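Below you'll find the structure, written out as structure tokens, and then a few comments.
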Amino acid sequence: MNTERYIAKRFIKSQRGGKKHTMPIIRLSIIAIALSIFIMILSVSIVTGFKQEIRNRVIGFSSHIQIRNMDLNNSFETSAISKNQDFLPALKITPGIKHIQVFATKPGMIKTKKDVQGVIVKGVGSDFDWQFFEHHLVAGNTFVVSDSVRTNNVMLSTKLASMLNLELNDEFAMFFVDERPRMRRFKIAGLYKTSLEQFDMQTMIADIGHIQRLNSWDANTVGGFEVFIDNFDDIDLLSYVVKEQLATSYTDDGGRLDVKSIKELYPQIFDWLQLLDMNVIMILIIMFVVAIIDMVAGIIILILDRTFSIGLLKALGTSNKSMRNIFLYQAFYLILQGMIWGNVIAVTFMILQNKFHLIKLDQASYFIEYVPVNFNLLHMLLINLVSLTIIFLFMLLPVILVSRIQPVKTLRYN
């Protein structure tokens, strides 16, 4: 039998009916641990959830990696490249690459009876993956794109439709200005909402055939390729792999193809998301400090409260090492109790927030209507493991007091 653990258990049981001035402090230490674990798990889950949600919405509009004509053209209109590229078969079977689709963009102006609004038409082909827009669909449906027959159906954001006083199934005129103004009529098949105003206010999804016709392209000419990957963490590596495979690829006019990741296309968004990590680090440090201070105070109170017992056990021959182990067992019990409560509260909150969206956000400021939480078991395990290790190591400092307690003086005054 482990004598040290047995004595520690006896001390723990006797605490429940112990002195009135001791138990509140012990409970406060447990609450501090629980609160610290809860805040740490919640901070990491909210920040990772927020970053993941914003990142996925930006990627939904622009993909992980784009391949376009390197024509040094910074306008919203893509230049022509061939749809039939030699690198495509090898790129499609590259590990980590999930899907490749064609696209083209062209600026234009939507005109209604009372309003005019400039937008970017994103032309998509029959290979377009509608999963992102189906997830954010508010009304109507997505539309089918055929390689043989153009469709006049389009998708607009609810924000853009509201500004132009347009509704589902409404038809409207759109003007494109090249050498001369040209007009096309479209019909709203679906309305989406992502709350990313930068994209919602300017993106219209349409058949790529319209852009091909307006630009006098044939069916084998597109504006570029969108590459989707399995894991965002591999984006830098796969961007390099794609660039290597395209190193000897040229356009029909002798130009080069350009490869850009989503982080290069929208650096301001991803730099802003990166800054959020610093906030999490500061919160974790503060919570570690709070938990350590409270636990150190709690253990000191336990030692002072058990001074007579310590003196008696030492008088009976218990070594200083064994006495330290007894209080380390108690510290471990208190830390573990606080961590369990912290995890239970954190998991409960995350489940309720994911299901009912209890805490809302200002969409104009945060680009999302509610606080997202990312339930990541690995993050939770790491937080618990690191917290247990760091806090327990700091418990070695107060238990040194046990070595300084002398049995003769303790028993004489008690």
Pairs where the first residue, in the stretch 264-275, is closer than 17 Å to Val44 by Cα and the second is not aromatic (Phe, Trp, Tyr), C-beta under 8 Å, 6+ apart: Leu273/Lys51; Leu273/Ile54; Leu273/Arg55
Residue pairs meeting the criteria (Cβ under 6 Å; at least 6 apart or on separate chains; first closer than 9 Å to Arg5 by Cα, in the stretch 322-334; second in a helix (DSSP H, G or I) and among the charged types (D, E, K, R)): Asn325/Glu4; Ile326/Glu4; Tyr329/Arg5
Strands (runs of 3 or more DSSP E) contained in the stretch 127-182 and holding at least 1 residues farther than 25 Å from Ser63 by Cβ and not aliphatic (A, V, I, L, M): 171-177
Residue list for the stretch 97-118, restricted to those being among the hydrophobic types (A, V, I, L, M, F, W, C) and either touching a helix residue (DSSP H, G or I) at 6+ places or on another chain (Cβ under 7 Å) or more than 19 Å from Pro181 (Cβ to Cβ) (or both): Ile97, Ile100, Val102, Phe103, Ala104
Selection count where residues are out of contact with any Asp or Glu (no Cβ under 8 Å at 6 or more places or on another chain), open to solvent by 60 Å² or more (accessible area, probe 1.4 Å) and of a type outside the set (Asp, Glu), scope the stretch 321-372: 19
Hey, Ser36 modelled with pLDDT under 90 and open to solvent by less than 20 Å² (accessible area, probe 1.4 Å) or not: no
Of all residues in the stretch 299-317 being among the small types (Gly, Ala, Ser) and open to solvent by less than 50 Å² (accessible area, probe 1.4 Å), the one that is nearest to Met23 (Cα to Cα): Ser309
Which listed residue, of Val290, Val280, Val296, Val242, is in contact (Cβ under 8 Å) with a residue 24 or more places away in the chain, open to solvent by less than 10 Å² (accessible area, probe 1.4 Å) and hydrophobic (A, V, I, L, M, F, W, C): Val242
Close pairs (8 angstrom Cβ cut-off, 6 or more residues apart or separate chains): on the phi > 0 side of the Ramachandran plot in the stretch 212-237, among the hydroxyl-bearing types (Ser, Thr, Tyr) anywhere: Gly224/Thr78
Conditions (1) more than 20 Å from Phe133 (Cβ to Cβ); (2) open to solvent by 60 Å² or more (accessible area, probe 1.4 Å); (3) in contact with a strand residue (DSSP E or B) (Cβ under 6 Å, 6 or more places away or on another chain); number of the one not met by Lys98: (1)
Residues that are more than 30 Å from the chain's Cα centre (by Cα), hydroxyl-bearing (Ser, Thr, Tyr) and in a loop (DSSP other than H, G, I, E, B), drawn from the stretch 185-223: Ser216
Hits in the stretch 205-227 - residues which are among the aliphatic types (A, V, I, L, M), under 19 Å from Gly60 (Cβ atoms) and either open to solvent by 10 Å² or more (accessible area, probe 1.4 Å) or in contact with a Gly (Cβ under 8 Å, 6 or more places away or on another chain) (or both): Ala206, Ile208
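The values are calculated or read from the model by the stated rules, or taken from the named source; none is laboratory data. Everything quoted here is computed from the prediction, not taken from an experiment. Ideal geometry is used to build each Cβ from the backbone, glycine not excepted, and the neighbour counts take in all protein chains shown. These accessible areas exclude ligands, DNA and RNA; they are computed on the full protein's heavy atoms, side chains included. Shrake-Rupley method; radii C 1.70, N 1.55, O 1.52, S 1.80 Å.
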